[in-house]
Amino acid sequence: MDSQMHSKENSRFDARISKELKEIMERAAQLGGYRSLTDFVMSTAQNKAKEIINEHDRIISSLRDSEIFFNAILNPTRPNEKLTQAAVDYKASLSE
């Protein structure tokens, strides 16, 4: 993970929200058992951030895997000597 995410220094984050949204978030924090609105907001934002990052990483990994797979199909490497000999031996065993 990024070393900045584990920094012991605190940074400030301010946001202006409507009164209605604040009331909804305060109620959710209370119902969720959070110590404060700040704890609720930070926990929820952190969880969502991790979810977004993980999804992005899965997509990138999937795209990279697809590229490797299709590259192997479209540009196969030549079989090495052991594989070629194994194929010869297998074909010979079928004709016995």
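Which residue out of TYR34, TYR90 is of a type in the set (Phe, Trp, Tyr) and assigned to a loop (DSSP other than H, G, I, E, B)? Matching residue, one of TYR34, TYR90: TYR34. Looking at SER61, is it surrounded by 10 or more Cβ atoms within 10 Å (Cβ to Cβ) and either at negative phi or modelled with pLDDT of 95 or more (or both)? Yes.
The values are calculated or read from the model by the stated rules, or taken from the named source; none is laboratory data. Quick caveat, the model's predicted, so the values are computed rather than measured. Neighbour counts run over all protein chains shown; Cβ positions are idealised from the backbone, glycine included.
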